[in-house]
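The next block holds one structure in the form of structure tokens; read it before the comments.
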Amino acid sequence: MPGDAGVSLALVCTFAIRCRHLPSGRFGLSHTRVQMPHEPPFQSIGRRLFRIAWPFVAIVALLVLLATESISIVSASRAYVGAESLWSKAQKEAVYSLYRYAQSGS
């Protein structure tokens, strides 16, 4: 690949620049590290879109779940209030019927 040849040439040049002549007559590397340019691996558009969009999708799903549960809670509380109203009316009617019975005996 053409890109590999350019990277290899860059490594050789960097190595040659970093080499130095030691007092003992040998060549050695200097104590600095070679910094290679870091290129992130190519990511597909779909994967990148997924990494960006999944938190929003999770939040929407959580909101739908919370909305469903809140509707269930409101529905249950309305049913309780309705049943309490019916019980209260029936109790009032029973008291009135007992009062009429006590007065008339029939």
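Summary of values
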| item | result |
| --- | --- |
| Per-region count, the stretch 66-106, residues under 44 Å from the mean Cα position of the chain (by Cα) and hydrophobic (A, V, I, L, M, F, W, C) | 9 |
| Residue within the stretch 35-44 that is surrounded by 10 or more Cβ atoms within 10 Å (Cβ to Cβ), modelled with pLDDT under 65 and within 42 Å of the chain's Cα centre (by Cα) present | yes |
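The values are calculated or read from the model by the stated rules, or taken from the named source; none is laboratory data. Just so we're clear, the structure is a prediction, and the values are computed from it rather than from any experiment. Because the Cβ atoms are built from the backbone with ideal geometry, glycine has one as well, and the counts that use them run over all protein chains shown.
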